[in-house]
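See below for the structure under consideration.
The values are calculated or read from the model by the stated rules, or taken from the named source; none is laboratory data. This is a predicted model, so every value here is computed, not measured. Because the Cβ atoms are built from the backbone with ideal geometry, glycine has one as well, and the counts that use them run over all protein chains shown.
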């Protein structure tokens, strides 16, 4: 690696996770263990408020959904928004439960001495900012459009008539925004941390491949070569340990996300089958929120797929080394690396499906199948 390339890398212990942890702190999901008792109490109050607001949203919209059960279009529209909110709430419930394990994993990575490219750090930050911006923009746009048309952005129960006058409607819009926005922002903060962890693993796997390929031109003694291989094996085992920890930590989180995407796709297919493109404004709202959900799922599946590719690439890199002239003992060490790397590192959605582009494509195919069936039923 050239001096210029080395300058593009730095230790994640410095600030790789700084953006993610700051974001999580702001949304009430990452308290500090160095605070005074007063600071801890204040932050817990802040956390509880942010916990309660989405529950209020789910409650009042569930009542609104029940009240409009006779209107299939309104019922499906409300149900879709409830699924989105419930998806976000369940994800940060699991995230909070696993907070200690996540904190331990991040600390181990930060002090591991591994290097991360500046480009990877930029991609992580851009992804989180763009996804958060798009989510908030969509919420703001549809809330504003509903206000201009003197409509409720979502059917919900409130102890007053929102459509009585503009003042009541503005108050209702504020209640809806205050209760729904926190869970949206929290979901994006958690997504950013998860993606950062996967990108870190991919970067380290690429680094292991580079170190293995460099063995071809190694000019030291057999003992020095054996030491290099030993260091590579130690790092590979450590990265596999991180991957296993992530798989155990995020399996429920990813299951909720994948299940919610499937339900949203089905609801969108049902809405298209019922409305038949007559209410374009309603369908457009469904489509925008669906696109954001699909983009979120795509990023996770793409990174999960990349993790599998890079972990399998270690076996190919080891096979390509000029090992035929090595002592038998070193050849066995290299064979050990190849055999271990043939089993790819994966992230699982509740143990049902691995995160990959195949899983993402299968979800879209299932949604199309549901859509086709519903169209035939309606016809």
For residues that are farther than 15 Å from residue 242 by Cα and exposed (fewer than 11 other Cβ atoms within 10 Å of the Cβ), scanning just region 110-126, find the one that is farthest from the chain's Cα centre (by Cα). 122
Considering only region 317-335, I want to know if a residue exists there that is under 33 Å from the mean Cα position of the chain (by Cα), surrounded by 14 or more Cβ atoms within 10 Å (Cβ to Cβ), within 24 Å of residue 217 (Cβ to Cβ) and at pLDDT 85 or above. yes
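With 95, 142 as the choices, which residue is within 17 Å of residue 253 (Cβ to Cβ), part of a helix (DSSP H, G or I) and out of contact with any strand residue (DSSP E or B) (no Cβ under 7 Å at 6 or more places or on another chain)? Spell out how you get there, then give the answer.
On the way: 142 fails: within 17 Å of residue 253 (Cβ to Cβ).
Selected residue: 95, the only one of 95, 142 that is within 17 Å of residue 253 (Cβ to Cβ), part of a helix (DSSP H, G or I) and out of contact with any strand residue (DSSP E or B) (no Cβ under 7 Å at 6 or more places or on another chain).
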Hits in region 165-194 - residues which are surrounded by 20 or more Cβ atoms within 10 Å (Cβ to Cβ) and over 16 Å from residue 92 (Cβ atoms): 172, 176
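Scan 191, 204 and give me the residue that is under 27 Å from residue 138 (Cα atoms), part of a helix (DSSP H, G or I) and touching a residue at least 40 places away in the same chain (Cβ under 8 Å).
Values: 204 fails: under 27 Å from residue 138 (Cα atoms).
The match here is 191.
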Please work out which one of (1) in contact with a helix residue (DSSP H, G or I) (Cβ under 6 Å, 6 or more places away or on another chain); (2) in a helix (DSSP H, G or I); (3) closer than 30 Å to residue 175 by Cβ is the condition residue 42 fails and give its number. (1)
Is there any pair linking a residue in region 341-360 that is on the phi > 0 side of the Ramachandran plot and touching a residue at least 40 places away in the same chain (Cβ under 8 Å) to one that is surrounded by fewer than 20 Cβ atoms within 10 Å (Cβ to Cβ) and outside any loop (DSSP other than H, G, I, E, B), with Cβ under 6 Å and at least six apart or on different chains, and which? 350/251; 350/255
Residue check for residue 302: assigned to a helix (DSSP H, G or I), out of contact with any strand residue (DSSP E or B) (no Cβ under 7 Å at 6 or more places or on another chain) and closer than 28 Å to residue 200 by Cβ: yes
Evaluate the following for residue 68: is it surrounded by 13 or more Cβ atoms within 10 Å (Cβ to Cβ) and touching a helix residue (DSSP H, G or I) at 6+ places or on another chain (Cβ under 7 Å)? yes
Selected residue (only one of 60, 55 is under 30 Å from residue 274 (Cβ atoms) and within 23 Å of the chain's Cα centre (by Cα)): 55
